[in-house]
Amino acid sequence: MRIAFVEDDHQLRKSVSRGLEEAGYAVDQAGTGEQLLELVAAHDYAALIVDVLIPAPDGITACRTIRGLGNQVPILMLTALDAVEQRIAGLDAGADDYLTKPFDFGELLARLRAITRRKTETVPERIVVGDLVIDTARHEVSRAGIAVALTAREYALLLYMAQRPGRVITRADLLREVWDGSSSTYSNIIDVYAARLRKKLGDDEKHPLLATVRGAGFMWNAPDDAARVI
């Protein structure tokens, strides 16, 4: 899931972005409102985390501009602890939620999950493929009733593919949406993660759920009658 994090405090931006990446998000960083608008024009994000007090345009003005363009991407605004007026202005400008600074990182993740669940194209609470169950609310995976322990990046890869059954997903797509886009498309990092994921899922080598499409990328190879969302 690709998001943008906009904060002019360089150290805070780097540390929070690192935590978000460890949680499985692909993160684009920006320090100004102008950079934010350039990113939004170029990419389709799952969510934006925007500090109110960024260099021009400020977070509220940038949010109003994004909404004025008809873009309904979920927006979480960061505000000062005592800035009630900022919170009201941010919500009136179209923000979906706000979080006061300083904040607990766990709460940031919880609010991020909440606003992304509210999207029209929402992630289902559970994806079931045969005996494989992906619980998106708890970020838990099980197969044949046995829990499967995945890293954040393995889970992000699994979820991205499982939401797109029968479609060929290129390595460039995965680097852009699941990673941060900084790795080369010639890197074997995706193949390494795909192999680890297949091993943990106990994939059938002849009929794997996560299939490699030679020369193209990968496909979630679930039969139509075996997949359902709840």
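The values are calculated or read from the model by the stated rules, or taken from the named source; none is laboratory data. Model, not experiment: these values are computed from the prediction. Backbone-built Cβ (ideal geometry, glycine too); neighbour counts: all protein chains shown.
Overview of results
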read-out: Residue selected from segment 59-91 under the condition in contact with a strand residue (DSSP E or B) (Cβ under 9 Å, 6 or more places away or on another chain) and charged (D, E, K, R), by the criterion surrounded by the fewest Cβ atoms within 10 Å (Cβ to Cβ); value: D82
read-out: Residues within segment 21-61 that are of a type outside the set (V, I, T), free of Cβ contacts under 8 Å to residues at least 40 places away in the same chain and assigned to a helix (DSSP H, G or I), tallied; value: 9
read-out: Filter pass, A137 being hydrophobic (A, V, I, L, M, F, W, C), surrounded by fewer than 20 Cβ atoms within 10 Å (Cβ to Cβ), at pLDDT below 85 and in contact with a Gly (Cβ under 7 Å, 6 or more places away or on another chain); value: no
read-out: Strands (runs of 3 or more DSSP E) enclosed by segment 106-178 - at least 3 residues per element that are farther than 23 Å from P208 by Cα; value: none
read-out: Identity of the residue in segment 165-214, exposed (fewer than 12 other Cβ atoms within 10 Å of the Cβ), farther than 27 Å from Y45 by Cα and not acidic (D, E), that ends up modelled with the highest pLDDT; value: K199
read-out: Answer residue from segment 141-153, given it is modelled with pLDDT under 90 and surrounded by fewer than 20 Cβ atoms within 10 Å (Cβ to Cβ) and is farthest from A23 (Cα to Cα) among those; value: T151
read-out: Those residues of segment 44-53 which are farther than 18 Å from A26 by Cα, touching a strand residue (DSSP E or B) at 6+ places or on another chain (Cβ under 6 Å) and either of a type in the set (A, V, I, L, M) or not assigned by TED's automatic domain parsing to the domain that holds Q72 (or both), in sequence order; value: V52
read-out: Residue within segment 106-126 that is among the β-branched types (V, I, T), surrounded by fewer than 16 Cβ atoms within 10 Å (Cβ to Cβ) and touching a Lys or Arg at 6+ places or on another chain (Cβ under 9 Å) present; value: no
read-out: Residue match in segment 76-96 (condition: free of Cβ contacts under 8 Å to residues at least 24 places away in the same chain and under 19 Å from the mean Cα position of the chain (by Cα)); value: yes
